[in-house]
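Note sheet for the following structure.
The values are calculated or read from the model by the stated rules, or taken from the named source; none is laboratory data. For clarity, every value in this text was computed on a predicted model and none was experimentally measured. Glycine gets a Cβ as well: all are built from the backbone with ideal geometry, and neighbour counts include every protein chain shown.
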Amino acid sequence: MKHSKIKYHYEFPNLPITDNDIQELYVKMTNILWEAESYILELNHQRMDLPDIFISDDVVTKTYGKYTYKAILKEIGKFHVAFPYSYFNGMLEKLSSTIKRMPKESSTDILKELVECIESKLDHAELKEERASIEKIISMLKNTKRTVQLLGAYYHQNNRIVLYINTIGDYFEKAPTGDLATKIKIGLEIVLAHEIFHAVQYHLMIDGNKTGEYLWTHPYCDKDYRDCVLEGLARWFEYSWCEQALSTNTIYQWHKDQLDDELHTYYYPGWAYAAAKVFVRRGIPLRHEPMMVLETLLEAVSRGDRYCWRKAYDVLESFDYHNQRLP
Ligand SMILES: [Zn+2]
C-alpha cells in the first residue's frame with residue numbers, strides 16, 4: 001500500500017487542532033482503511049492507494065432531493081390504488097402533475113402551497129389509514145430539496161479527501177460532552193471514515209472493471225440509483241465506525257443517535273439513506289445479516305454494466321421497511 005503523507009494547507013489559529021492531532025488522524029486513517037477494505041477484499045484483491053487528506057476551511061453546499069420527487073410520486077400512486085374514491089384524489093393528481101412538470105431546483109414555493117392546502121383539509125380524511133398515508137406524503141413533501149453543507153467530500157479525480165473543518169466544527173460542537181478540540185478531532189475522524197468508504201467504493205469500481213470510471217461519472221448512468229446506493233453504504237459504514245468506537249468516547253454515541261434520528265426521518269424507500277436504513281434497522285453486528293445485503297450490493301456495483309445501480313437499488317427497495325423491527 002502506498003503511504004501518502006497527510007497534507008493540509010490551512011492553519012487554524014482559532015481552532016485547537018495541532019500537528020499532533022493531525023498525525024493521530026493519520027494513524028486512524030490506516031485503521032479505517034483496513035476496516036473498509038476488509039469488506040471488499042473478497043471482491044477485489046488489489047489494495048488501493050491511500051487518498052490524500054486535505055483539511056479545508058471552505059464551506060461547500062450540495063442540494064439533495066431528486067429521489068424524493070420519485071418517492072413522492074410513488075407514494076401518491078400507492079394512495080390512488082388504496083383509496084380510489086378518496087376526497088384527496090383530485091388534489092393529489094394536481095400535486096403529481098406539478099411535481100412532474102417541476103424544474104430541478106426551484107418550485108419549493110408551489111410545493112409549500114400545496115402542502116398547506118392538503119394539510120388544511122386533512123380533517124376530511126375518513127379512514128385512519130387514509131390519514132396516515134396523506135400525512136406521509138406531506139412529510140415527504142416537506143423534506144424535498146434540502147441544501148446541506150458538506151462535512152467532507154471524496155474527489156476521485158485526484159484521489160483526495162477534503163474535510164471541511166468549519167462545518168464539522170459547527171455540527172460536532174452540539175455534542176453535549178467533551179471540549180471543542182475533542183469534538184473536532186472525533187468529528188474529523190468520523191467524516192474521514194465516511195469519505196474513505198467512498199474512496200474504497202471508487203477503487204472497487206475502477207479496478208474491478210475497466211469501465212469503472214465511466215460508471216462513476218457518466219451522466220446517464222442511473223445517477224439516482226447510483227447515488228442512493230453509494231451514499232447509503234457510506235452512511236452505513238460511518239454508522240458502523242461510531243458503533244465500534246463508542247466505548248472510547250460518548251461523542252460517537254451522540255453522533256450515532258443523530259444518524260438514527262436522521263434515518264428515522266428519511267425513512268422512505270428512494271431517499272438516499274434508504275441503504276443505511278436497511279443495515280441500521282436490521283441491526284448490527286456488522287458481520288451477520290447486513291453483510292449479505294452489503295455483499296449483494298457491492299457485487300451488483302462491481303459487475304459493471306450500466307444497469308447495475310438499478311439492480312442494487314432494487315435490492316434495497318425489496319425490503320419491507322415498514323415491517324422491520326428496531327434492534
Ligand atoms: Zn457521502
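Criterion applied to 171, 154, 164 was being within 24 Å of the chain's Cα centre (by Cα) and farther than 30 Å from residue 72 by Cα, and the one residue passing it is 164. Picking from residues in the stretch 226-263 that are within 15 Å of the ligand (Cβ to nearest atom) and either of a type in the set (Phe, Trp, Tyr) or not assigned by TED's automatic domain parsing to the domain that holds residue 156 (or both), the one that is modelled with the lowest pLDDT is 236. The numbered conditions (1) among the acidic types (Asp, Glu); (2) more than 15 Å from the ligand (Cβ to nearest atom); (3) on the phi < 0 side of the Ramachandran plot; (4) modelled with pLDDT of 60 or more are all true for residue 213 except (4). Summed over the stretch 226-239, residues that are more than 17 Å from residue 314 (Cβ to Cβ) and free of Cβ contacts under 8 Å to residues at least 60 places away in the same chain total 5. For the stretch 112-164, the strands (runs of 3 or more DSSP E) that sit wholly inside it and include 1 or more residues that are surrounded by fewer than 19 Cβ atoms within 10 Å (Cβ to Cβ) and of a type in the set (Val, Ile, Thr) are 146-149.
If you go through the stretch 116-169 and keep only what is farther than 29 Å from residue 234 by Cβ and touching a Lys or Arg at 6+ places or on another chain (Cβ under 6 Å), you end up with just 125.
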